[in-house]
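Colleague: Structure in structure tokens, see below.
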Amino acid sequence: MPKSLLMYDLMVFFYAIAVVLYFWDFVAHRRTLNRVAFGLLAAVWGLQTSFFLTRMTEVGYVPLVTSFETTLFFSWLLISFSLVINYFYKIDLFAFFTNVIGFAMVVFDLFTGEGGVRIGENLQGDLLVLHITLAFLSYAAFSISFIFSIMYLIQSKMLKEKRWNNMFRRMPALDKLDAFTFRLIIVGFPLLLVAMILGGNWYYMQFGSILILDAKPLVSVVLLGLYVAWLYLRTASGWSGRKLAWWNVASFGLVIINYLFVGTYFSGFHSW
């Protein structure tokens, strides 16, 4: 077994323990559990970083192309955001929700991915790596904006029902959750737009044609439209609160469908 896959197995083990500890902290609110989970998550981040560096030497290209590699990269981004935000803002429930998504992606790849797949030379190049990196940075930004929208919906429901429990006290105020969501979508939208432009340029340079009638770029255009509409509704139409939160939740649902299913089962080019 390659050394990088041994790191992968160890990373999954530590990641599972960290998620369980965050869940216990979520239920019982024990600071010790939270600190241990944070430490394990930092160890997972280190293992994932080592995994990418080791795998790069094993396969001879930047490991951001196959489904196995990009899923791990997406998880690495979510863990990075989780560590930074939890360190500076101390939003404990955010760390739990973020790592449930990240771990779910890792588990999904365990059952569907192919860790040992190598790619052809026609699926390499700096533009392609930049395209994939920016696309997954946008997905990570949208993922975290989705988490803040979920927290917004939970918080607003508790306010409406006047439930001043421990979960309520551990979440930021509604205006902060809304501001976090807005900033993340402002970041994610141009990243996805630039990623699509770079991807189109790479494909044209590589194959001499424009990739138009393919499911994944078509769905990505729809995604851009949904987030443009969200920004318009928030800034120009007077929408606010729960309606915007639900719109963002639905938009993120399409992000997940686009990555997990459209690219794998319906795209003629993005299924590697």
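The values are calculated or read from the model by the stated rules, or taken from the named source; none is laboratory data. These figures come from a predicted structure and were not determined experimentally. In this analysis, Cβ positions are derived from the backbone assuming ideal geometry, glycine residues included, and neighbour counts consider all displayed protein chains. When the accessible area is computed, the model is the full protein with side chains, heavy atoms only, and any ligands, DNA or RNA have been set aside. Shrake-Rupley method; radii C 1.70, N 1.55, O 1.52, S 1.80 Å.
Colleague: How much accessible area per residue does the chain have, counting only protein heavy atoms and a probe of 1.4 Å, in square angstrom? Show your work: numbers first, answer last.
Modeller: Details: 13020 Å² over 272 residues.
Ligands and nucleic acids excluded, the figure is 48 Å² per residue.
Colleague: Straight-line reach from Lys243: which lysines have a Cα under 23 Å away, not including same-chain ones fewer than 8 places off?
Modeller: Partners within reach: Lys157, Lys160, Lys162, Lys176.
Colleague: If you work out Rg/Rh (Cα atoms, Kirkwood Rh) from the coordinates, which of (1) 1.02; (2) 1.06; (3) 0.98 do you get?
Modeller: Computing Rg/Rh (Cα atoms, Kirkwood Rh) and matching it to (1) 1.02; (2) 1.06; (3) 0.98 gives (3).
Colleague: Moving on. Could you work out how far apart the two model spin labels at Arg31 and Ile186 are, taking each label as a point 7 Å from the Cα in the direction of the beta carbon, and quote it in nm?
Modeller: 3.4
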